[in-house]
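What follows is one structure encoded as structure tokens, with my remarks underneath.
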Amino acid sequence: EKEGFALVEEQRRKLAEDEAHGSTTASASTFSSGITGDRSSDYVVQLLDLHDRYYELVKQCFLESAHFLKAMKDAFELFLNEQVGKSGSAETLANFCDALLNSAGFGAKMSEQEVEQYLERVVRLFGYVTEKDVFQEFSRKLLSKRLLLEKSHSDDAERSLIAKLKMRCGSHFTTKLEGMITDMNLSKDMQKGFAEWYKKEVAKESNSAMDIDTAMSPETAAGAGQVILDGVECNVRVLTTSHWPTYKEDKLNLPSEIEKCMTTFREYYDSRTSQRVLRWMHSLGKFSLECRAFLGNPKLNCIDLLVNTHQMCILTLFNDHDDMQFKKIKELIGLDDADMAKQYVMSLCKKYPLLIRASKGKDILDDEIFSLNMKYKPIKRKLVIPSPSAKVSEAEKESAHTTVVEDRKHSIEAAIVRVMKQRKSLEHQQLVVEVSKLLMQVFVPEPKQIKSRIEDLITREYIRRSESNSSHYEYIA
């Protein structure tokens, strides 16, 4: 217990130092000399090592005595659920799993066996976390990023983590995570169906406005699951809303070629079902742009830029303009959120300076002019442009916590109704105990939260107070 609290305090001290030194210094100081290269991940590794050491001690010296295992469990639960910086243990463990499974994380350098061992240890440590629903929500957000941005380095490892969580917490805990994996597999089949449908449409209307790239016949494209319209390869993933995190539906002015792809796919989707409505999540899209604008390196007269939807919209504006004011860029792409527009424009000026700013100020003014950096010297043919949407933003973190709070309300209400339906009538204190027992596998509700949901259920006439005793509740059939 003392060693655990010592690790917690040490991590708090390091995070406080980072915050005190400011964002520039912090970004450099968050890296340590540990195996992961990241301070938060190294902290988790220290916790894992501490747990393994004491578990082996209990196993070897005390033959896994129930008394010693309980003492160890109580100690780990005590310090592991302490708040460290802005993140709790649940969020920190979810980020650690992401670093293990992300192709850009330290897990990509490990063998499959090493990753599997780490996942086993993390899930064992996860068992001591009380806010398991927070881990679940952050894992869902991070998994969505890995799947949609194709950042997962091992499908088997993804399934292994879900299977371990399912064994630990039950099938209800992993329903959404499993649904996300299923959606990705179904999307591959749907893409093949889209290609077959498009091949038939082209055959029926040989003079259709939907031109086929002459480099590939409709039959070849359909066999490969590809649909190419006006030289643009169109690949769509259809996701079930209930499985995936909530994303903001941005309104963007897309290039006409992309609009045609969307319209064509909508025709195909409507031909399959009329019961569902498609909503386009542009923040999750990605594009490969073929670019011949940067002439700084004569050996690379053409490069591929891997960008997200917003970056693509900004860059394609410069097909028709040499330079533009920031307010004009916002107006043409149709993005109302000024802060988001600034993030996406600046992402094209930093690591790979594709755009040049007229000024060097911290903030971007509406009349500031941006132009293509024609003298930029790309060092390789394919450039992956960093995207602000690739990481979980502060707004998404707040959204995750808000989702957890709302989900807890529904879970508490469902537990109350379940208990009352079975018991018919119950004292307030007994009801609180019964509900807490039902929910403690995922989170520990506070008595005042349960009381608040009881009052709400009374208002909605699911239960009522006894006429003879106000602290006694009765179920309304």
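Here is how the numbers come out for the structure above:
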{"quantity": "Ordering of 330-341, 44-55, 87-98 by burial proxy (mean other Cβ atoms within 10 Å per residue, highest first)", "calculated": "87-98, 44-55, 330-341"}
{"quantity": "Cα convex hull volume per residue for region 394-475 (Å³)", "calculated": "86"}
{"quantity": "Inter-label distance for residue 321 and residue 401, nm, one decimal - labels placed 7 Å from Cα along Cα-to-Cβ", "calculated": "3.8"}
{"quantity": "Rounded tilt (10° steps) of 447-459 against the dominant C-alpha axis of the chain", "calculated": "80"}
{"quantity": "Computed over the chain: relative contact order in percent, which uses C-alpha pairs under 8 Å that are six or more apart", "calculated": "11"}
{"quantity": "Cβ-Cβ FRET estimate between residue 171 and residue 456, R0 fixed at 22 Å, reported to 0.05", "calculated": "0.20"}
{"quantity": "Segments 440-449, 193-202 sorted - mean Cβ within 10 Å per residue, highest first", "calculated": "193-202, 440-449"}
{"quantity": "Spin-label pair residue 63/residue 369, simplified geometry with 7 Å Cα→Cβ offset, distance in nm", "calculated": "8.5"}
{"quantity": "Shape category assigned to region 2-169 from the gyration tensor of Cα positions, a/c cut at 1.5", "calculated": "oblate"}
{"quantity": "Efficiency of FRET from Cβ geometry, residue 186 and residue 71, R₀ 41 Å, rounded to 0.05", "calculated": "0.30"}
{"quantity": "Theoretical ellipticity at 222 nm over the chain - DSSP helices of four or more residues, -39500 (n - 2.57) apiece, nearest 500", "calculated": "-18500 deg cm²/dmol"}
{"quantity": "Distant alpha-carbon pairs in region 286-390 (separation over 16 angstrom), percent", "calculated": "54"}
{"quantity": "Whole-number percent relative contact order across region 286-390, with pairs defined as alpha carbons under 8 Å at least 6 apart", "calculated": "39"}
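None of the figures in this text is laboratory data; all of them are computed from the coordinates on show. Quick caveat, the model's predicted, so the values are computed rather than measured. Neighbour counts are summed over all protein chains in view; Cβ atoms, including those assigned to glycine, are modelled from backbone coordinates with ideal geometry.
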